[in-house]
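Since every read-out is calculated from the coordinates, none of them should be taken as a lab result. From a predicted model like this one, the values you see are computed outputs, not experimental measurements. Here the Cβ positions follow ideal geometry from the backbone for every residue, glycine too, while neighbour counts run over all protein chains shown.
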Amino acid sequence: MKIYTYPKSRSLRVLWTLEELGISYDTVKVDLLEQQPNVVSPHPRGKVPFMVDGDISIEETLAICLYLCEKYKATTLYSSEIEKRASIHAGLSFALTDLESPIWNLLKQLVFIPQAQRSLEIVNYFKTESSKVIRQLPYDPRNMWVTGDNFTLADIFMSHTLLWAQLCGLELNADINDYIHRATSRPAYLRAQTRNNQ
């Protein structure tokens, strides 16, 4: 199994899933931002992550992670029980739509656009929208994780997006910061982060 990656990108989510599942894999670092890249992703639009598993090729982060969870079952990361899986899907949906959209747009303004070219109006808009959706986070601090006592695929997507919120300097309460710390202290996350940033 081969995963095309780039440091500090969504490919971390795929490697984290692989590490949680205990699956061996190879990585190929893509020259994503180079004008004349030596290594390109087979993704139709040149993006990462991209996975090749034998004769199967899959693009897009969630599609890859769901494929892995469905192929390598018998794990709480993606329950075989339909009710629990529905809760995981709900967490994934929130993380990828409501949560990620404003935070990603804010991150692009603060990290990828030179300061002199930034729009203060756009920055303030996405700060407001991000803060609003963080207050709606479907996380009960009485539980360890988003769907209850078990760490799931929803936590990988949720906590990774909340890391972007931290990077943007958004205000997060103590419960959310503790949740992020628990997720990113997991050995699988630390291994995935090291592999992804090589």
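Can you tell me the dipole magnitude for the chain around its Cα centre, using point charges on the Cβ only (Lys, Arg +1; Asp, Glu -1), in Debye to the nearest 20?
Dipole magnitude for the chain comes out near 320 debye.
So which helices of the chain fit the span-like rule, where a helix is a whole DSSP H run, its Cα atoms reach 20 Å or more along the axis, and its mean Kyte-Doolittle is at least 0.0?
Span-like helices in the chain: 153-167.
Would you mind counting up the charge near T147? Only other residues with Cβ under 12 Å from its Cβ, with Lys and Arg at +1 and Asp and Glu at -1.
-3
Whole number please: convex hull volume per residue, Cα atoms of the chain, in Å³.
Roughly 125 Å³ of hull volume per residue.
For region 77-186, divide the Cα radius of gyration by the Kirkwood radius and give the resulting Rg/Rh value with two decimals.
Rg/Rh for region 77-186 comes to 1.02.
Which listed residue (L77, N38, L110) has the Cα farthest towards the positive end of the charge dipole for region 29-121, taking +1 on Lys and Arg C-beta and -1 on Asp and Glu C-beta about the Cα centre?
Result: L110.
Mind putting a number on the dipole of region 77-186 about its Cα centre? Charges go on the C-beta only, +1 for Lys and Arg and -1 for Asp and Glu, and I need it in Debye to the nearest 20.
Dipole about the Cα centre, nearest 20: 240 debye.
Give me the net charge of K29's neighbourhood, meaning all other residues with Cβ under 15 Å from the Cβ of K29; Lys, Arg count +1, Asp, Glu -1.
+2
Which order results if L172, L12, L21, L153 are arranged by neighbouring Cβ count within 10 Å, fewest first?
Final ranking by Cβ density, sparse to dense: L172, L21, L12, L153.
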